Amino acid sequence: MKNILIISQYFWPDNFLINDFSQILKKDECNVSIVTGSSGYYINTKELKFKRKLSNHDYKIIQLPTFSRGSFVGLFFNYISFIISGILFLPFKLYSKKFDFVLVYATSPVTQMILGYYVKIIKGCKLVIWVQDLWPELLKNYLKQNYSYIAPFLKKIINTILSKSDLIFCQSDGYLKHYNEELPNIKNKLKILPNFSNEHQIKRKIVKNQNLKLLFTGNIGKSQNIDLLINVAEELQREHKDIFIYFYGNGSEKDRLLKSVELKKINNIIVKDPVNSKEIIEIINHEADAVLLTLEDNYGLNLTIPSRLQTFLYIGKPVIASINGEAQKIINAAKCGICVDANDKAGLIRAIVDFKAKKEEDLIDYQKNAINFYENNFSKKQVLSIWKRELKF
């Protein structure tokens, strides 16, 4: 039985793929421990603490004290406190424990891989990194004029740790190509391990509501180009009063979304509370005509496959997207919906209006194509097979 330590700053009850992957490893007879933070991503610290305390969760969770997320400054302290707490407390928390390897689930902030390298040193184990976000490239739209000062420092740290790791899993082909060019000395360590969906048993349904119902799910943040959707909704409500956009999720831009809806009197946007992964699959399956997928135009984002796309493919729900890069390639290759370039407001409006005119047989084709593409490229069974094949320690 392999002893695995997973480092993920955000973990259950926050909704992240690593929750499901941890369960897969446990079912595969691995002894799994989790290092995570005391403050949540979507869930506030108080609620997170309450749920973890009452739960019969069977993970061995090592919870490090972290500052809560908030403003940009709050995010900085949230990120840095996780690293500092780990350096201070992990030697004691992990005392007398042995691990075959440590797996860093490297979503933002990918700087958490610092702790992975730290554990590799103090415990003498292998280091595996599963890269989910491309830093520092992803930060360019956030840091703006400060990017040129901060990026080289972050890149140096990240690339050094990647070079000293034992295996690097990339969530997309775009990431793999990027690191092959950026760090040719680690080519033999680079492998693709795609994300997958929570494969919750469902009876897939074709939905064609009288009023077109589009769903946006997951993180409501800056990267998701919420301004584009606000502007699209504003224009649609002038001439197409039978088209509605439902938001299920949380994130840094949610409050601004709510304020914009109220201020601009946008009546075709309905913002709902976030729900867990199983519930959102049921809602998408039974209620939505189609799902929306948007990202800003950014080098790091263009190489990313948003994990919600795998969920949409698994459900077989048509995708209407304004996105570039890897995700656009997948949507076009899968023939599972309509995709226009990122930031193309006119194109996205046209895509939504064109989709409304689609016949039921078109929706059936989208569904079949999506499901087939998921099964051939992203199924949980395939991901586990890759994991086992590549993990030869």
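The values are calculated or read from the model by the stated rules, or taken from the named source; none is laboratory data. Since the structure is predicted, the reported quantities are computational estimates derived from the model, not experimental observations. Backbone-built Cβ (ideal geometry, glycine too); neighbour counts: all protein chains shown. Surface accessibility is based on the protein's heavy atoms, side chains included, excluding ligands, DNA and RNA. Shrake-Rupley method; radii C 1.70, N 1.55, O 1.52, S 1.80 Å.
Each part gets one Cα centre, and for region 320-393 versus region 98-176 those centres are 27 Å apart. Sorting the Cα pairs of region 42-191 by distance into bins of 10 Å, from 0 upward, gives 10, 35, 36, 17, 2 percent per bin.
So, for the chain, what is the accessible surface per residue at a probe of 1.4 Å, expressed in square angstrom?
Counting only protein heavy atoms, the per-residue value for the chain is 46 Å².
Rounded, prolate or oblate: pick one for region 135-289, where a ≥ b ≥ c are the square roots of the eigenvalues of its C-alpha gyration tensor, a/c under 1.5 means rounded, and failing that, prolate if a/b is larger than b/c, else oblate.
oblate
Listed peptides 218-228, 360-370, 8-18 appear in the order 8-18, 218-228, 360-370 once ranked by packing, highest mean of other Cβ atoms within 10 Å at the front.
Rounding to the nearest 20 debye, state how big the charge dipole of the chain is about its Cα centre with +1 on each Lys and Arg Cβ and -1 on each Asp and Glu Cβ.
1260 debye
A Förster radius of 22 Å, combined with the Cβ-Cβ distance separating Leu88 from Lys126, puts the computed FRET efficiency at roughly 0.40.
Per the 1.4 Å probe, what fraction of the accessible area of the chain, in percent, lies on carbon and sulfur atoms?
Carbon and sulfur atoms account for 51 percent of the accessible area of the chain.
Helices that extend 30 Å or more along their long axis by alpha-carbon positions and average at least 0.0 on the Kyte-Doolittle scale are, among the DSSP H runs of the chain, 72-93.
Normalised by the residues of the chain, what does the relative contact order come to in percent, with Cα pairs under 8 Å and at least six apart?
Answer for the chain is 13 percent.
Ordering Gln328, Asn198, Ile157 by Cα displacement along the dipole of the chain toward the positive end leaves Ile157 in first place; charges were set at the Cβ atoms of Lys, Arg (+1) and Asp, Glu (-1).
Between the beta carbons of Thr45 and Asp100, assuming R0 = 35 Å, the FRET efficiency works out to 0.65 to the nearest 0.05. With both labels modelled 7 Å from their Cα along Cα-to-Cβ, the Asp242 to Lys177 distance reads 4.2 nm.
Need the full-extension length gain, Arg350 to Ala333, defined as separation in residues times 0.36 nm minus the C-alpha distance. One decimal, nm.
Details: separation 17, 0.36 × 17 = 6.12 nm, distance 2.06 nm.
Between Arg350 and Ala333, full extension yields 4.1 nm more.
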